[in-house]
Amino acid sequence: MHWIHKRKGLILGLTLILGAAVLSGCGNGASNKKDTLTIGMTNAPESFNPLFNPGTAGQFTARFMYDTLLGMPEPNKFTPHLADSFETQDNQIFTIKLNPKAKWTDGRSVTADDVVFTLNIIANPKVETSKGRYIMMLEGLNNVGKLEQGTEIPGLRAIDEHTVVLRTKRPVDPNYIKSLLGLEVYIIPKHIFEKIDPANISQSEAAMKPAVTSGAYTFVDYKTNDHVEFAANPEYYKGAPKLKKIFIRIMNGTNLVTELKSGNVQMAASGGIGTVPIKDLDILKKDPNLQVRTAPQFGGQYLEINNSNPAFNTQFRRAVTMAINRKRIVDDLYKGAAHIVPTIYSVASPAYDKSVDPLPYDPEKAKQELLASGFDVSKEITLQVPIGNVLREQSADLIQQDLQAIGLTVKQEKLDFPTILANGRKGNYEMMLFGYSLTVDPDYSAYFIPGSGNNISHTDDDALTGMLKQAASLPSTEQRNVVYSEIQKYMRDNQFVTSLYVPDDIHVQSKNLKGGISDFWEGSLDAIQDWHFE
C-alpha cells in the first residue's frame with residue numbers, strides 16, 4: 001500500500017511538472033527548443049487579411065504566411081520570390097516570370113492567374129483593401145488604385161501559366177513599381193478567394209484565419225492580444241524552414257525586456273511594433289546572451305490632426321506643431337536615439353531633403369497662429385493614444401502639457417491599436433498619435449490622397465495631390481526627387497500631419513539566433529526560411 005501511495009505521488013508530481021511545461025511552452029508561446037522562435041511584439045496585428053493590413057503589425061505577420069513577387073533585403077536591391085524575374089524594355093510594359101516551383105499549401109501551383117486575380121481584386125471598388133496605393137500606377141486605375149469601370153485592369157493579362165504582363169499609365173521608375181507592387185502586394189489564391197463575394201472578403205474565414213497560403217510559415221492560431229502561432233511550411237518552394245514553429249507574443253515594452261533577458265523571447269520585432277524602452281537599453285547591452293544594435297528607420301511617430309474638421313485649419317495645425325517641444329521628447333524619452341524631421345520623410349529616405357528645416361518650437365508664435373486660426377479655445381480636444389508603446393504613451397503626457405501651455409484644453413483617451421486604426425480610418429477622432437511604416441520608395445501619396453484607406457489625417461488638398469501624382473509619374477529617380485523636395489517644403493508649411501520624431505530602430509535578439517531583424521527592417525523576412533539557432 002505504501003508503494004502504491006508513493007507511485008501515485010510520483011505520477012501526480014510528473015503530471016504537474018509536465019502540465020507546467022506545456023503551459024510555459026504553449027500558453028506563453030515560448031519554448032527553449034532550438035527549432036522554435038518566440039518574437040516579442042508590442043502591437044497586436046489588426047488583421048490577417050492579405051488584402052487589408054494598413055498597420056505595421058498586420059503587415060509583419062502577413063509576410064510569414066504570404067509571399068510577394070519580390071523581396072528587398074536592402075533598399076532598392078531586389079531578390080526573386082514568387083517572381084523569378086520582373087523586367088521591362090520601355091519602363092511601361094513589364095513582364096513577370098513566376099517561379100514554377102511555387103505552390104500553395106494545398107498543393108496547387110501558384111500561377112499567373114493568381115497574380116492577375118490578386119491585382120484585379122485589389123482594384124475592385126467593392127473590396128476593402130490597404131493595397132490600392134501599391135498598384136495605382138497601373139493603366140486604368142484611379143489615384144487610390146481602384147477601377148472606375150469594369151472588373152479587370154486593362155493591359156494586365158496572363159500569357160501562360162507562369163507569365164504575367166502588365167502596363168502602367170505612363171513610363172515609370174522600375175524601382176517604383178518593384179518596391180510597391182513587387183514587394184508590398186501579397187499574392188492570394190484565386191481558387192479560394194474567387195468563391196467569396198468581393199464585398200465580404202474582409203469578413204471571410206479565408207481572410208481572418210488563412211488556411212491556404214504560399215509563404216514559409218502557415219497560420220495555426222491567434223489568441224487575441226496574446227500570441228500568434230505559425231508552423232513551418234515543409235513544401236516551401238525556397239526550401240523547408242529550419243525553424244519548425246514561430247510564436248509572436250504580444251506584450252508591453254517592459255515585459256518584453258524581462259522576457260528577452262529570461263530567454264522566453266529570443267527576438268524583439270522592432271520596426272516600431274516591438275520596441276524595448278530606451279531606459280532599458282544599457283541593461284540589455286550588458287546581457288552576454290543578447291545582441292543589441294540600432295539603425296535608422298523610414299517611418300516614425302506622428303500626431304494626426306483630423307483635417308476634415310474645418311476648425312483644424314492650416315494655422316491651427318501649425319500652432320500645434322510649434323507648441324510641441326519635440327527636442328524634449330527626443331532628449332528626455334529617447335535619450336537622443338531619435339531624430340526630428342520636418343515631414344513624414346525620414347533621414348533614412350533616399351528622397352529626404354536636408355535643406356528643409358522643421359517648424360521651430362516657438363510657443364509665442366504658436367499662440368499667434370492659434371489666434372489667427374479662429375479656433376474656440378473653450379472647446380475640449382480629445383487626444384487618442386494607442387497603448388502598448390510605453391514611450392509613445394509617455395510622449396502623450398508631454399504633448400498634452402505643451403498644447404495646454406498655449407491655451408488649448410486637451411484630454412487623453414487610451415485605446416488598443418485596432419480601435420485607434422478603425423477610428424482613424426473613419427475620421428472618428430480629433431487628434432491621435434499614430435506610427436507609419438513607410439517604404440523605401442518615396443511615394444507616400446496614399447497617406448494624403450482623398451479616398452485612400454491609409455489617409456488617416458483625412459487630408460484633401462488639391463495642390464498636394466497634384467504634386468504627389470506628378471512625382472509618381474516621372475520615369476527616373478532623379479526627376480522624382482526634385483518634386484519630392486517641393487512636396488516636403490509644402491508639407492512642412494501646411495502641417496497636414498505633425499511629424500513628432502523618428503526613433504532609431506533597436507534590434508535585440510539572442511546571440512545564437514542566425515538571421516532575424518536586419519538594419520533595413522522591411523527586408524528582414526527576405527530569407528526567413530534560413531533562420532536558425534546555433
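When the range 297-347 is limited to residues that are assigned to a loop (DSSP other than H, G, I, E, B), touching an Asp or Glu at 6+ places or on another chain (Cβ under 9 Å) and among the aliphatic types (A, V, I, L, M), the one that is farthest from LEU500 (Cα to Cα) turns out to be ALA311. Note on the range 497-523: among residues that are among the hydroxyl-bearing types (Ser, Thr, Tyr) and either without any contact (Cβ under 8 Å) to a residue 40 or more places away in the chain or assigned to a strand (DSSP E or B) (or both), the one that is farthest from TYR217 (Cα to Cα) is THR498. Scanning the range 510-534 for residues that are within 18 Å of MET65 (Cβ to Cβ) and out of contact with any strand residue (DSSP E or B) (no Cβ under 6 Å at 6 or more places or on another chain) yields GLY515, GLU522, SER524, LEU525, ALA527, ILE528, GLN529, ASP530, TRP531.
Considering the conditions (1) within 22 Å of GLN59 (Cβ to Cβ); (2) surrounded by 23 or more Cβ atoms within 10 Å (Cβ to Cβ), SER445 is excluded by exactly one of them, (2).
At least 3 residues being farther than 30 Å from ASN481 by Cα and in contact (Cβ under 8 Å) with a residue 60 or more places away in the chain is the threshold, and among the helices (runs of 4 or more DSSP H) wholly inside the range 351-428 those reaching it are 390-405, 417-426. Residues in the range 207-235 that are assigned to a helix (DSSP H, G or I) and crowded, with 18+ Cβ neighbours inside 10 Å: ALA207 alone.
Taken over the range 104-121, the criterion of being in contact with a strand residue (DSSP E or B) (Cβ under 9 Å, 6 or more places away or on another chain), of a type outside the set (Asp, Glu) and buried (at least 19 other Cβ atoms within 10 Å of the Cβ) is satisfied by THR105, VAL110, THR111, ALA112, VAL115, VAL116, LEU119, ASN120.
Close contacts from the range 440-467, counting a first residue that is touching a residue at least 40 places away in the same chain (Cβ under 8 Å) and a second that is surrounded by fewer than 22 Cβ atoms within 10 Å (Cβ to Cβ) and small (Gly, Ala, Ser), with Cβ to Cβ under 6 Å and a gap of 6+ residues or different chains, come to PRO442/ALA351; HIS458/SER308; HIS458/GLY427.
Touching a Leu at 6+ places or on another chain (Cβ under 8 Å), at pLDDT 95 or above and either of a type outside the set (Ser, Thr, Tyr) or not assigned by TED's automatic domain parsing to the domain that holds GLN89 (or both): does that describe ILE187? It is true that ILE187 is touching a Leu at 6+ places or on another chain (Cβ under 8 Å), at pLDDT 95 or above and either of a type outside the set (Ser, Thr, Tyr) or not assigned by TED's automatic domain parsing to the domain that holds GLN89 (or both).
Here the condition is being outside any strand (DSSP E or B) and in contact with a Pro (Cβ under 8 Å, 6 or more places away or on another chain); of ALA199, ALA240, it holds for ALA240 alone.
Reported count of residues in the range 389-424, each being at pLDDT 95 or above, surrounded by 16 or more Cβ atoms within 10 Å (Cβ to Cβ), within 17 Å of TYR501 (Cα to Cα) and not aliphatic (A, V, I, L, M), is 3.
Is it the case, given these coordinates, that THR314 is surrounded by fewer than 17 Cβ atoms within 10 Å (Cβ to Cβ) and closer than 22 Å to GLY424 by Cα? So THR314 passes the test.
The values are calculated or read from the model by the stated rules, or taken from the named source; none is laboratory data. Not measured: the values here are computed from a predicted model. Note: ideal-geometry Cβ built from the backbone for every residue, glycine included; neighbour counts use all protein chains shown.
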